[in-house]
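Heads up, the thing below is written out as structure tokens.
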Amino acid sequence: MTASAAFLCEDCGEILRLSQGAVHVRWLRDREHVAREVAEHASSGLDTWMVEGLAYLAEHRGHSISVITD
């Protein structure tokens, strides 16, 4: 079983738990610009966890974001 992962904003302490493992969550954090570009052109949309993650990253832009696991 894969542990779920979360974003942790080190500046304000807010956590967003996502239904993916750490590898996927790190990928989203490290390649946010790629995911946003894909989202702009995807006719079927992105998975919910990616949409939630991108919203979190936008809200915490400029903050130090870590990936944590359960």
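Listing for the model above:
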item	result
Trypsin sites (Lys or Arg not before Pro) within the chain, DSSP loop, no more than 14 other Cβ atoms inside 10 Å	Arg31, Arg61
GluC sites (Glu not before Pro) restricted to the chain and DSSP loop, no more than 12 other C-beta within 10 Å	Glu10
Where only C-alpha atoms are counted, convex hull volume of the chain per residue in Å³	78
Gaussian network model of the chain, Cα within-10 Å springs - most flexible of Ala42, Ala22, Ala55	Ala42
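A short reminder: the numbers here are calculations on the coordinates, not readings from a lab. Quick caveat: nothing in here was measured; it's all calculated off a predicted structure. Note that each Cβ is placed from the backbone with ideal geometry, even for glycine, and that neighbours are counted across all protein chains shown.
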